[in-house]
Amino acid sequence: MSGAAQKETSKAAADQSTDEERAEERARTAKLVERAKQGDLGAYDELIRTFQERIYATLYNMTSNHEDAHDLTQEAFIKAYRSLASFKGQSSFYTWIYRIAVNRTINFLKKRNRRVNLSLNDMDANVENNPELVSLISENTPRRDVRLSELQEKLNEAMQRLSESHRLVVTLHDIQGLSHEEIGRIVNCNPGTVRSRLFYARQQLQAHLSDYLK
Amino acid sequence: MEPNEDNFEQLRKLLELKRHEGPPPGYFEDLPGGIIARIEAEDARGASAWWRRFIPGFDTSPAMVGAYGVIVASLVVVGVQLAGRATPGGEPADLQPGNALAISEPGTADDPAASLQPAMAPANLPIMEPASLAVFHERETNSSSAPTGMFATPSLNGTTTVERAAFPANR
């Protein structure tokens, strides 16, 4: 078997195993949701553990503030628990809880003072091992001595300059890695709208961060 | 590849930096316990009141909000209409003065003033006016002088005859 054919075969096998994992994940989530609906808090605890990192990361990137993200994550999961009876399974639990978290966060941001208080989390150690990021910092910026923490701060400031809807699509697509279709289901608009918002948001970010880009 | 995707390659790399931002170590170990504790605490103090169960889908379903709004607005409209019927301009037939007996007993001999209220008088009886009041009215209309005061009592001098009010012996 040639190298290319082997690659194709291994890619197909990987895709198949990913699909199977997703199907298993969905079935497991559906069972946990049913148990949580009956008032089983142990099952709900498992659901929280499954989705907490993704929800928290989204809300953190929306607020650029750890305390706000923490409060909003807690509120979103509590609200979802109280609303479980209304979850009919028409969308995935993942989409449904994302929608609750995102709606609450957008309402919160509209009420929040215009002056944003950044409370940024630390970078994990892996960032130093990411050659692309290291090269981006050391080679592509006019200020070669730029520190990682400074870049992080500028990045968050630029994000906060975007409107909530534009920040949301950048967060969900470019940081969380969701597809346009998934984002459309969460924010209740079509994928074309998601694409156009993403394009505009990137243009804005590029303008704000021009010193740190080529 | 999407249109203009190449233009943003550098930006996307920069945004990857945000994937490395994370909460303090151990944060995700404690978060579920904190959420469950809050749920249990709310349950314990009866926070799941009736109105919480009434509005479960507000965050996820705008249609639900609209439906509740229409119901509340309808109740307000019905309430206003019912209130309008009870006002003087829109009294129901059984509240007309002539039918006052149906709902209200006129005054007795011990309480004659009650039967002097025109609105409360029965339709088949003439409205009675005490003679003393009639005399007072006559004095007031014939007098050219200004009244002594808004709340001045009529003077009971020798020219005035005071009569007791006459009431029908039997009604």
Note to self: Filter region A:70-96 down to the residues that are under 23 Å from A:Gln38 (Cα atoms), more than 10 Å from chain B (Cβ to nearest Cβ) and among the hydrophobic types (A, V, I, L, M, F, W, C) and list them by number.
What the structure shows: A:Phe93
Next item on the list: Tell me which residues, restricted to region A:183-214, are farther than 22 Å from B:Glu9 by Cβ and under 17 Å from the mean Cα position of the chain (by Cα).
Entry: A:Gly184, A:Arg185, A:Ile186, A:Val187, A:Asn188
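For the structure I just gave you, tell me whether A:Leu205 is at the interface with another protein chain (Cβ under 9 Å from one of its Cβ atoms), in contact with a helix residue (DSSP H, G or I) (Cβ under 8 Å, 6 or more places away or on another chain) and either assigned to a helix (DSSP H, G or I) or of a type in the set (Ser, Thr, Tyr) (or both).
In short, yes.
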Checklist line | Residue ID - surrounded by the fewest Cβ atoms within 10 Å (Cβ to Cβ), chosen from residues in region A:161-180 that are part of a helix (DSSP H, G or I) and among the polar types (S, T, N, Q) | finding: A:Ser165
Next item on the list: Could you tell me which of the residues A:Glu46, A:Glu21, A:Glu67, A:Glu25 is modelled with pLDDT of 95 or more and either facing another protein chain (nearest Cβ under 10 Å) or on the phi < 0 side of the Ramachandran plot (or both)?
Entry: A:Glu46
Check: Looking only at region A:181-207, which residues are crowded, with 19+ Cβ neighbours inside 10 Å and either among the hydroxyl-bearing types (Ser, Thr, Tyr) or over 20 Å from A:Ile100 (Cα atoms) (or both)?
Finding: A:Arg197, A:Leu198, A:Ala201, A:Arg202, A:Leu205
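The values are calculated or read from the model by the stated rules, or taken from the named source; none is laboratory data. Bear in mind that the values here come from a model prediction, so they are computed numbers and not experimental data. Note that we place each Cβ from the backbone using ideal geometry, even for glycine, and neighbour counts take in every protein chain shown.
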